[in-house]
Number of protein chains: 2
Amino acid sequence: MTSESKNQEFDQELANDPEYRAAVIDLLAVLAVGELTAFERMAADSVLAPTYADKAAMGELATIEFKHFIALRNRLIELGADPEVALEPFRQTLEDFHTKTKPTDWLEGLMKAFVGDGIGLDFYREISSYVDPRTRELVLEVCDDLSQAAYVVDRIRLAIVEDPKVAGRLALWGRRLVGEALSQAQRVAAERDALSALIIGGIDRPGADLAEIGRMLARLTESHSRRMADLGLAA
Amino acid sequence: MTSESKNQEFDQELANDPEYRAAVIDLLAVLAVGELTAFERMAADSVLAPTYADKAAMGELATIEFKHFIALRNRLIELGADPEVALEPFRQTLEDFHTKTKPTDWLEGLMKAFVGDGIGLDFYREISSYVDPRTRELVLEVCDDLSQAAYVVDRIRLAIVEDPKVAGRLALWGRRLVGEALSQAQRVAAERDALSALIIGGIDRPGADLAEIGRMLARLTESHSRRMADLGLAA
């Protein structure tokens, strides 16, 4: 069987399981809105950058996010979803996240691109183990981009060396980013039943039990602490 | 002679004519800052877009501008210029342009991307006839992108059909965009002797006479009027 006919068969399967199809569409849609708003905000935060090298690094990150948005939107269209309808339920949540975590300077913007995006992408990677291979592949593809991570880590470490007082402020900022991300994630989980059912399971599909969800949260927390440690910051 | 060794020879020629080299660096730098700030502002203006299709179109434009910025920056580095130093003289001018032409709604943002960028790119295309072939090629390359023009034209025409009062406001906005662009261009010309000398000529290089400059301005005005007419607006 060719890969294309396999894909068509899978898309047919999705059509036969409306609850699962709704969950996949929600997953791709929340990711798409996340990538798009990240693109808009990172490009806007580039205005805060003190050097053109910084602007180039932030712009590079932003354009990658935009490319991911297009890939997700195209897949939604393939699945027969109208992007305008599919994305709308997540618009306000993501806007609220960005409004509540508007960086006041360049370092906060960098931290947000690295730490805020990091925990979000880790979360979607975790979810990807509950979906079909084709969806998983796309989710992992759009979550796999740390091309500028080394740059961000170096810039923040250097800023802390230059002015050690910065560390305390950025550590607090990191906690605020995670807190806001979690509170928006809870809001999405509460509002989107199909999406929560992806993780906790549905009638015909086994999901994660409480112990597995606990381990997932532990992994997310661990990765976050590792990222903060890379920056020389307390989590 | 290979194309690469020709290029090296040309770069050597540039090194031997410091005044011309300064002019080329200024030209590439002002274009680079223009592309970068356009990227930052378009991505920020994407927040104003009413639909995801609009955001996708604006984001596409923005990422193309960023790609051009990188190409120009890379060429500056090849020429031995430090981008931080080369771009700095144009930062304030471009920021002032954007501050003075901040769109208050989505239609104004679209117009700015089409009409404001349009007159800027026409101007650089005109200048490209006064520079060496290699520089000309790069300038024309970064000025040649109207991938979303049809989309912008359709969106604005549709908005005018839906609410004819919009036309008067947008016509005024178009005039303001051009006025601000001209006033910033005059400021650059007054401050950057090498760049102005590109057009009006130097000791060893013939430039444009007054009649030719007049014809150039006529061509710019004509193209602008044509763009406005495409939108169904009076210039």
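Taking (1) part of a helix (DSSP H, G or I); (2) within 14 Å of chain A (Cβ to nearest Cβ) in turn, B:ILE127 satisfies each apart from (2).
What number goes with the only condition from (1) within 8 Å of another protein chain (Cβ to nearest Cβ); (2) over 22 Å from A:TRP173 (Cα atoms) that A:VAL85 does not pass? Every listed condition holds for A:VAL85 apart from (1). Screening B:PRO103 against (1) in a helix (DSSP H, G or I); (2) within 14 Å of another protein chain (Cβ to nearest Cβ) leaves a single unmet condition, (1).
For region A:169-194, how many residues meet the condition of being part of a helix (DSSP H, G or I), of a type outside the set (A, V, I, L, M, F, W, C) and more than 17 Å from A:LYS112 (Cβ to Cβ)? I'd like the intermediate steps shown before the answer.
Of region A:169-194, the ones part of a helix (DSSP H, G or I) are A:169-191, A:193-194.
Then drop every residue that is not of a type outside the set (A, V, I, L, M, F, W, C), which leaves A:169, A:174-176, A:179-180, A:183-184, A:186-187, A:191, A:193.
This time we only want the ones that are more than 17 Å from A:LYS112 (Cβ to Cβ), so: A:186-187, A:191, A:193.
Matching residues across region A:169-194 total 4.
Looking across region B:88-100 at every residue that is within 25 Å of B:ASP54 (Cα to Cα) and more than 13 Å from chain A (Cβ to nearest Cβ), the one that is farthest from the chain's Cα centre (by Cα) is identified as B:LYS100. With respect to the conditions (1) more than 7 Å from every other protein chain (Cβ to nearest Cβ); (2) within 18 Å of the chain's Cα centre (by Cα), B:GLY59 lacks only one, and its number is (1). Among the residues of region A:212-227, are any farther than 25 Å from A:ASP26 by Cβ and in contact (Cβ under 8 Å) with a residue 12 or more places away in the chain? Yes: region A:212-227 contains one or more residues that are farther than 25 Å from A:ASP26 by Cβ and in contact (Cβ under 8 Å) with a residue 12 or more places away in the chain. If the condition is being closer than 21 Å to A:LEU36 by Cα and free of Cβ contacts under 8 Å to residues at least 40 places away in the same chain, then region A:144-170 contributes A:ASP144, A:LEU146, A:ALA149. A Cβ distance below 6 Å, combined with a sequence gap of six or more or placement on separate chains, defines the contacts here; from region A:64-75, residues that are at the interface with another protein chain (Cβ under 10 Å from one of its Cβ atoms) reach residues that are surrounded by fewer than 17 Cβ atoms within 10 Å (Cβ to Cβ) and not basic (Lys, Arg) in the pairs A:ILE64/A:ASP145. Answer with yes or no whether B:ALA150 is away from chain A (no Cβ under 14 Å) and more than 13 Å from the chain's Cα centre (by Cα). Here the answer is yes, as B:ALA150 does meet what is asked.
Taking region B:196-233 as the region of interest, how many residues are of a type in the set (A, V, I, L, M), within 30 Å of B:LEU170 (Cα to Cα) and assigned to a loop (DSSP other than H, G, I, E, B)?
Just the residues of region B:196-233 that are of a type in the set (A, V, I, L, M), to begin with: B:197-200, B:203, B:208, B:210-211, B:213, B:216-218, B:220, B:228-229, B:231, B:233.
Applying the additional criterion that residues be within 30 Å of B:LEU170 (Cα to Cα) yields B:213, B:216-218, B:220, B:228-229, B:231, B:233.
Filter again for assigned to a loop (DSSP other than H, G, I, E, B), leaving B:231, B:233.
The total comes to 2.
Report yes if some residue within region B:114-122 is free of Cβ contacts under 8 Å to residues at least 40 places away in the same chain, crowded, with 20+ Cβ neighbours inside 10 Å and closer than 15 Å to B:SER223 by Cβ; otherwise report no. Yes: region B:114-122 contains one or more residues that are free of Cβ contacts under 8 Å to residues at least 40 places away in the same chain, crowded, with 20+ Cβ neighbours inside 10 Å and closer than 15 Å to B:SER223 by Cβ. Out of A:LEU140, A:LEU87, one residue alone is touching a residue at least 24 places away in the same chain (Cβ under 8 Å) and either surrounded by fewer than 17 Cβ atoms within 10 Å (Cβ to Cβ) or touching a helix residue (DSSP H, G or I) at 6+ places or on another chain (Cβ under 7 Å) (or both). It is A:LEU87.
Check whether at least one residue in region A:5-12 is among the hydrophobic types (A, V, I, L, M, F, W, C) and at pLDDT below 90, and report yes or no.
yes
For A:ASP54, state whether it is among the charged types (D, E, K, R), away from chain B (no Cβ under 13 Å) and in a helix (DSSP H, G or I). Walk me through it before giving the result.
Values: among the charged types (D, E, K, R): yes; away from chain B (no Cβ under 13 Å): no; in a helix (DSSP H, G or I): yes.
Considered against the rule, which asks whether it is among the charged types (D, E, K, R), away from chain B (no Cβ under 13 Å) and in a helix (DSSP H, G or I), A:ASP54 comes out as no.
Regarding region A:170-192, can at least one residue be identified that is modelled with pLDDT of 85 or more, surrounded by fewer than 17 Cβ atoms within 10 Å (Cβ to Cβ) and among the hydroxyl-bearing types (Ser, Thr, Tyr)? Yes, region A:170-192 contains a residue that is modelled with pLDDT of 85 or more, surrounded by fewer than 17 Cβ atoms within 10 Å (Cβ to Cβ) and among the hydroxyl-bearing types (Ser, Thr, Tyr). Report whether or not B:ARG155 is at pLDDT 90 or above and surrounded by fewer than 18 Cβ atoms within 10 Å (Cβ to Cβ). Spelling it out, it is not the case that B:ARG155 is at pLDDT 90 or above and surrounded by fewer than 18 Cβ atoms within 10 Å (Cβ to Cβ). Filtering A:LEU72, A:LEU87, A:LEU138, A:LEU121 for residues that are hydrophobic (A, V, I, L, M, F, W, C) and closer than 18 Å to A:ARG227 by Cα leaves a single hit, A:LEU121.
If you go through region B:59-74 one residue at a time, do you hit one that is modelled with pLDDT of 90 or more, among the small types (Gly, Ala, Ser) and surrounded by fewer than 24 Cβ atoms within 10 Å (Cβ to Cβ)? Checked against the condition, which is being modelled with pLDDT of 90 or more, among the small types (Gly, Ala, Ser) and surrounded by fewer than 24 Cβ atoms within 10 Å (Cβ to Cβ), region B:59-74 yields at least one hit.
Here A:MET42 meets the list (1) surrounded by fewer than 24 Cβ atoms within 10 Å (Cβ to Cβ); (2) among the hydrophobic types (A, V, I, L, M, F, W, C); (3) within 12 Å of chain B (Cβ to nearest Cβ); (4) part of a helix (DSSP H, G or I) almost entirely, failing just condition (1).
The values are calculated or read from the model by the stated rules, or taken from the named source; none is laboratory data. Every value quoted in this text rests on a predicted model; they were computed, and no experiment measured them. Cβ sites come from the backbone with ideal geometry, for glycine too, and all protein chains shown count toward neighbours.
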